[in-house]
Amino acid sequence: QVQLVESGGDLVQPVGSLSLSCAASGSIFSIYDMGWYRQAPGKQRELVAIITSGGSTNYGDSVKGRFTISRDNSKKRVYLQMNTLKPEDTGVYYCKAMLRNMLTGRVNDYWGQGTQVTVSA
């Protein structure tokens, strides 16, 4: 069984900063891409940032220059540093990992349960 657990969500004021963390555990042979997605109320889930196993990154247009994604392969963790937060950044932030399951040998996407980020004065 594979688990992804996010942490770090909170209520923060506009222009503030917040750091999210996601830990992968369980029957993992190898992890490829890891990323963060978010879903605001009444909206579709959207890409925030993604990072490959080699460290290449890609960001959603709305967060470029404000958010930074990083990962620690030895700890099976991915992080999201969010700066200059705006009210429109509010939503549930989900961690996703593309990984090879040690038991099945298959490569699939796995999702965490999400952590709430609220940006409000």
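The values are calculated or read from the model by the stated rules, or taken from the named source; none is laboratory data. Note that the coordinates shown come from a computational prediction; the quantities given were computed from them, not determined experimentally. Quick reminder, even Gly has a Cβ in these numbers, built from the backbone with ideal geometry, and neighbours come from all protein chains shown. Areas reflect the complete protein model, heavy atoms only, side chains present, ligands, DNA and RNA absent. Shrake-Rupley method; radii C 1.70, N 1.55, O 1.52, S 1.80 Å.
May I ask for the Rg/Rh ratio of segment 1-68, computed from Cα atoms with Rh as the Kirkwood radius, given to two decimals? Working shown, then result.
Working: Rg = 13.7 Å, Rh = 13.9 Å.
My calculation of the ratio gives 0.98.
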Peptides 90-103, 31-44: what's the order by average Cβ count within 10 Å, highest mean first? 90-103, 31-44
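Over every pair of different alpha-carbon atoms in segment 61-112, take the mean of 1/r and invert it; report that Kirkwood radius in Å.
Numbers: mean 1/r = 0.0754 Å⁻¹.
Taking every pair of different Cα atoms in segment 61-112, averaging 1/r and inverting gives 13.3 Å.
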Give the long-range amide H neighbours of Thr90: residues separated by 5 or more places, or on another chain, with amide H under 5 Å away, using H modelled in the peptide plane at 1.01 Å from N. Val119
Counting lysine pairs in the chain that sit 8 or more positions apart or on different chains, with Cα atoms under 22 Å apart, gives 7
Could you list the square roots of 5 times each eigenvalue of the Cα gyration tensor of segment 30-97, that is, the equivalent ellipsoid semi-axes, sorted largest first and rounded to whole Å? 21, 13, 10
Give the separation of the Cα centroids, segment 17-60 to segment 73-116, in Å. 4 Å
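Put Ser70, Ser27, Ser56 in order of accessible area, largest first, 1.4 Å probe: what do you get?
On the way: Ser70 50, Ser27 20, Ser56 75 Å².
Highest to lowest solvent-accessible surface, that is Ser56, Ser70, Ser27.
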Give or take rounding to whole Å, what are the principal axis extents of the alpha carbon atoms in the chain, in descending order? 47, 26, 23
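Can you pull the percent of the chain's accessible area that's carbon plus sulfur, 1.4 Å probe, other chains left in place?
Working: 3080 of 6550 Å².
Accessible surface attributable to carbon and sulfur in the chain totals 47 percent.
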